[in-house]
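Only one structure is covered here, and it is reproduced in the block below.
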Amino acid sequence: MRGSIMKPLTLLAWLSLQPVWAQSPARLLPPEQGVRLADTPIHIQLNDAPDGTLSAELDEIDVTELMQRTSDRITLRPPKALTPGTHTLRLTVETVEGELLELGQWNFKVRQSAVFDTLEGSWQGSATLSRTLSASPRTGIPDWSGEGALSVRGKAARGQWRAEGSADISYASAAPGGDQAELPRYLLTFQRKPLSLTAGHQAMLNQSLISDGLTHRGVRVDLNTPGGLPLSARLFTSRPDSISRFGNTLGVDDDRNRVFGGSVRTAPIAGHPTLQVEAGAYEGRITDPNTRWEQDGSGWQVALSDQLLDKRLTLRGELAGSRWDADGRGTLARPLDDRAFRLNASYGIRKSAWQWLLQADYGRVGPWFVSLLNPTGEVDQQGGRLALAFAHGNWQGALSWQSLEDNVDNDPALLTTQVEDQRAQLGYRFTRPWGHVLDSLDLTLWRQNRNPKRIPTGYSGTPADDLTQGLSLQAGLKVHGVTGQLVWEHSWLDDRRLNINDADTDSWQLALQRRWRLPRGRTFTLAPSWQRGETRYTRANLTVRSETAAVDLTTGGWLGDRLQLALSPAWSREQDPLYGVDTSGHSLSGSLDLRLRENGRLPLSVGLAGDWQRLHDRLTDTTTESWQLSATLRLQWD
């Protein structure tokens, strides 16, 4: 009995006395500073490893010659700084008996900063100075002009904290009104889940009737909580119009032109995450920058969306409202109160080689509904759209119908017009060019009918009452390295009120491109194009014609890829007896760009650009000629 108990105790005591190297002959030591950076030496502790020749691989690259070994330690200094991220180190030994043993393999992470887990940044900039000469004085355009641009990006992370930022800055000396420095876009985000703070140009509300997903400058706070009942909440304050000036840093400094609000989105049914409920609202003041016309008020929206039938069917409904005092001073007898709604449905089918997509939309916007997209209201429209698209092998096509009617509020003093649009498209993509020329073929038929449903008494205008029909045929071309397209379009206009406007139109367009690759990395590109249009007014017995032809020639890779040259000669002819026009002309434009300094230092380039035009008026037998030449010095850096 005593013997059976003492055996396992003796075995455990013997195992506890064995050295660590019996199971791990080598061990990767942690960095001395607690953080492994790009240039931190790698130390490996040897625990009486077998005799033999040691070898090391870092990311599958042999780095044995970089090892420095003492009796119990190996130090490895990479030849260049390691990139941030995860790296793999493998240490092996070939024993004196010729056996190859692996002493250890470790994955370790390299950080870019001792403070941050992630620290990245980049910037690019350019400065341009131009001098322009012309054959005739150009009012308001300076001979000297300068431009500059700077783009900055960066992000940092530590633990659960994360920050990202970006900004674009521009300067133009020849801008309308004089010198102008702008901040057209910037965005700063600070996040610690589940909260985030964002400042700059952003979409304050989701795509909706009251915001339409517009980008505004302002401040936004988001809360996102995943789980059984996911919740996404947002609070914001922003400028309702688009601004790019430095003075409006956050976009919320002007109380006469500022809105604030919020939204919330959730999936209220556990186990059914595709059912989404959204609600949003905003309030504030909008001021027209030109007329200084002010509006005080608010807007709200609720939306419900779902995906059914294995996500083949998508449904969404939106209802929105607004209430505004149109002059912002409370002088109206009553605020302007109105509603808008929108319904969307789409159903997709994929069966065998066929793919089908059916979409339907219907909506209404009242005459006094005000949104951030349309702060003046007065839309007053309702209508719907039905579309069917399909694809099968190389075939693809679509059918669509749309109807839109205004004055849905039935104001007897306003004109009521209905516009219907039908369109059919059919296309084929050849696996190999048919006839060694034709790469694709697309046919489009359309029909648009504009009809005044009600003309108010005393209406003095000329309401649109016409029918337009047409077809177009587009062919993609590919032969012997030449690519391009040929388009023919024919349309008929039947004006039911002014018969003189009855017309039919034919137009042709041809565009080709051929690129040659020459020795030493040089390239030459030739791109000719031709357009011709003719409109015949049958009852007036008039014909309007226009025709243009041009050739674009560009070269690259010359002088060690330092020289870029482009030329574009063109010819045009226009005949319009209705307005007494009969002209023909020639033009030539070109540019030359020479890089004086290669990459690695600040790239410096000089450019020349010129335009020449000669126009002849056949009716007066007069000729005018003009030319313009500009020289540009450009400096870029990153």
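The values are calculated or read from the model by the stated rules, or taken from the named source; none is laboratory data. Bear in mind the structure is a predicted one, so any value in this text is a computation, not a measurement. Cβ sites come from the backbone with ideal geometry, for glycine too, and all protein chains shown count toward neighbours. Remember, those area values only see protein heavy atoms, side chains included, never the ligands or the DNA or RNA. Shrake-Rupley method; radii C 1.70, N 1.55, O 1.52, S 1.80 Å.
Got a number for the accessible area of Ile169? Probe 1.4 Å, square angstrom, nearest 10.
60 Å²
Which order do you get for Met67, Met204 if you rank them by accessible area with a 1.4 Å probe, largest at the top?
Met67, Met204
Below 15 angstrom from the Cβ of Phe116, what's the summed charge of the other residues (Lys, Arg +1; Asp, Glu -1)?
The answer is +4.
Determine the gain in length on full extension of the stretch Arg562-Ala270; use 0.36 nm per residue of separation and subtract their C-alpha separation, reporting nm with one decimal.
98.9 nm
Sort the following peptides by mean Cβ neighbour count (other Cβ atoms within 10 Å, averaged over residues), highest first: 340-348, 294-302.
294-302, 340-348
7 Å from Cα along Cα→Cβ at both Ser305 and Phe430: what's the point-to-point distance in nm?
Label-label distance for Ser305 and Phe430, simple model: 4.1 nm.
What is the spin-label model distance, in nm, from Ala181 to Gln628 if the labels are put 7 Å beyond Cα along the C-beta direction?
Calculated label separation equals 2.8 nm.
Put +1 on the Cβ of each Lys and Arg and -1 on the Cβ of each Asp and Glu in the chain; which of Trp106, Gly218, Ser166 then has its Cα farthest toward the positive end of the dipole?
Projecting each Cα onto the dipole axis, the largest value belongs to Trp106.
What is the dipole size for the chain, taken about its Cα centre, with +1 at each Lys and Arg Cβ and -1 at each Asp and Glu Cβ, in debye to the nearest 20?
The calculation lands at about 1300 debye.
Tell me, in nm to one decimal, what length is gained between Thr525 and Ala127 on full extension, where the rule is 0.36 nm per residue of separation less the Cα-Cα distance?
Working it through step by step, the gained length comes to 140.4 nm.
What FRET efficiency would be calculated for the residue pair Leu357, Tyr171, taking the C-beta separation as r and a Förster radius of 51 Å, to the nearest 0.05?
Given R0 = 51 Å and the Cβ-Cβ separation, E is 0.65.
Between helix 2-16 and the chain, what is the angle of the helix's C-alpha long axis to the longest principal axis, kept within 0 to 90° and rounded to the nearest 10?
60 degrees
Taking Cα centroids, how far is the stretch 78-107 from the stretch 563-586 in Å?
70 Å
Among the lysines, which fall within straight-line cross-link reach of Lys155, defined as a Cα-Cα distance under 26 Å, with same-chain neighbours fewer than 8 residues apart omitted?
Hits, sequence-local ones excluded: Lys80, Lys109, Lys193.
How much length is gained if the chain between Leu518 and Trp106 is pulled fully straight, taking 0.36 nm per residue apart and subtracting their Cα-Cα distance, in nm to one decimal?
Length gained between Leu518 and Trp106: 143.4 nm.
Among 89-95, 428-434, how do they line up from the highest to the lowest mean number of other beta-carbon atoms within 10 Å?
So the order, starting with the most tightly packed, is 89-95, 428-434.
Go ahead and estimate [θ] at 222 nm for the chain from helices alone: -39,500 (n - 2.57) per DSSP H run with n ≥ 4, summed, over the residue count, rounded to 500.
Counting only the DSSP helices, I get -1000 deg cm²/dmol.
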